[in-house]
1. Highest GNM mean-square fluctuation, the chain, Cα pairs closer than 10 Å: which of 224, 136, 198?
2. So, R0 is 45 Å and r is the distance between the beta-carbons of residue 291 and residue 78; what FRET efficiency does that work out to, to 0.05?
3. Full extension from residue 108 to residue 334: what is 0.36 nm times the residue separation minus their Cα-Cα distance, to one decimal in nm?
4. May I ask for the distance between the Cα centers of segment 262-325 and segment 188-204, given as a whole number of Å?
5. Among 292, 48, 270, which one shows the highest mean-square fluctuation when the chain is modelled as a Gaussian network with alpha-carbon springs under 10 Å?
6. State, as an integer percentage, the relative contact order of the chain based on alpha-carbon contacts under 8 Å between residues 6 or more apart.
7. If you build a Gaussian network model of the chain, linking Cα atoms that sit under 10 Å apart, which residue out of 281, 86, 290 swings the most?
8. Would you compute the Debye intensity of the chain from its alpha-carbon atoms alone, equal scatterers and no solvent, and pass along log10 I(q)/I(0) at q = 0.06, 0.07, 0.10, 0.14 Å⁻¹ to two decimals?
């Protein structure tokens, strides 16, 4: 499904306007029925109740534009099936997230749903041989894929802890993924990535600090599963195996760092990793004197740096792949320890 630059621009704008238009509608619905995030817990950073249901705008907008694009640009059953193997599991998990937004589920039903979705997607990827950088072992590919999908889905959900944090980061990652997929002539992934970018930028209009609506677990789980599935299907260019596996990791280096630090911090304090807290990167930045807006921009800049490094590795000569990968890993480790040593409370 090779598209022109104009086609990709149309997809981006269509997704942007669809989600930007749907979001205020769901905001009004959330306010009418009291579906709001009240600042009743200590780790909350907002002062007054903020409506949820923004995730529904992302889910419906991104899914609708994807299927309309398939009908308009590539009318064949193969593209429809490939897109459905990505969209439908993400939509299912988004519905689980919506139930959690409405009824406040315990962590285990969510984790079970994420695992089932991960197993389903991994099985499809292995059967269709569409894992981007396979190890040569179907069993190992399946295990890595399941762990990746469940881990990244949780990371995006964890990362949605500050206005614009998750939506802006997913937008940056999606745009980079679009470029990488286009370079590798993976046109379906490029099309879905640009739709995802347009959708999150459209939502960001309403979600940037100070946020007027949150995506909730519905949006975070939908974006997490869809993004992780797209990234794992990316066929990275580097010849160096270490560098090839580093490209997808660098794309999501900041959410991975955020989740790792939060989980380790909670384990160190002997509290549940699933318990909310002020131990995320955004909270640590704000304790250093940054405003909420400055903290979010800092996270976006960090994401832009690591995604740029993934792009550089993918286009560099073989002799530079290992050096760039090592340098990127060193930067990640240094940032990790800098953040981790900052107080979690």
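1. Checking each option, the largest mean-square fluctuation is seen for 136.
2. Working: r = 49 Å, r/R0 = 1.08.
E(calc), rounded to 0.05, equals 0.40.
3. Values: separation 226, 0.36 × 226 = 81.36 nm, distance 3.29 nm.
This chain segment gains 78.1 nm when fully extended.
4. Here the two parts' Cα centres lie 22 Å apart.
5. Most flexible of the set in this elastic network: 270.
6. Numbers: 528 pairs, mean separation 80.2, N = 345.
About 23 percent, as a whole number.
7. Among 281, 86, 290, the largest GNM mean-square fluctuation belongs to 290.
8. Rounded to two decimals, the profile gives -0.19, -0.26, -0.56, -1.15.
Every number here is computed from the coordinates shown, using simple stated rules; none is lab data. Keep in mind the model is a prediction, meaning the values are calculated, not measured. Every residue, glycine among them, receives a Cβ derived from its backbone with ideal geometry; neighbour counts consider all protein chains shown.
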